[in-house]
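Structure first, commentary second.
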Amino acid sequence: MIKQTLAIALLIITHGVKAQSSQTLSDSEEQQIKKVVETFFQGFHKQDSTIIKSTVADNVVLQTTGRNAEGKTQFRNEEFSQFLKSIVSIPDSIKFQEKLTSFSIQVDRTMANAWVGYEFWLNDKFSHCGINSFQMVNFDGKWKIIYLIDTRGKEGCLD
């Protein structure tokens, strides 16, 4: 009976240690994923296509959704190359900033999602807000964005 009790206690302790190390790994992965998003936006704000490209996988998919003035849902795909051209061609006379307001990150094995709230400011005036949803895959130890969709709107932003 003592051997069985010791075996059960050892199993519980071992399971607890494994769960702790798994949580530490998850926290580390979450930080890596957050860093990819932050690096993406560093490149965005610097208008540096090389930095942005370093965060994405080949054939990344970009999409956006929101409502038009009549309240109808709009949805469109954007070519990554066009996105880069539009960012790097913004004139110096235009100041833009996407302020990240929240992060919610979920990870399972080689897949992750970062749900990132934002406010977009143009020439120091509020433009719109929404969510960026980044889907990522871990390619041999390096997280890359494979899919990005965002929402855009003006209501409920600065509450």
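Using the basic label-point model (7 angstrom from Cα toward the beta carbon), what is the residue 35 to residue 67 distance in nanometres?
Taking the two extended label points, one gets 4.0 nm.
Using a Förster distance of 25 Å, how high is the FRET efficiency between residue 140 and residue 81, based on the Cβ-Cβ distance and rounded to 0.05?
Step by step, r from the Cβ atoms, then E = 0.50.
Per residue, how much accessible surface does region 37-159 expose to a 1.4 Å probe? Answer in Å², no decimals.
Per residue, region 37-159 has an accessible area of 61 Å².
The values are calculated or read from the model by the stated rules, or taken from the named source; none is laboratory data. Keep in mind the model is a prediction, meaning the values are calculated, not measured. So basically every Cβ, Gly included, is an ideal-geometry build from the backbone, and we count neighbours across all protein chains shown. Protein only, heavy atoms only, side chains kept; ligands, DNA and RNA dropped before computing areas. Shrake-Rupley method; radii C 1.70, N 1.55, O 1.52, S 1.80 Å.
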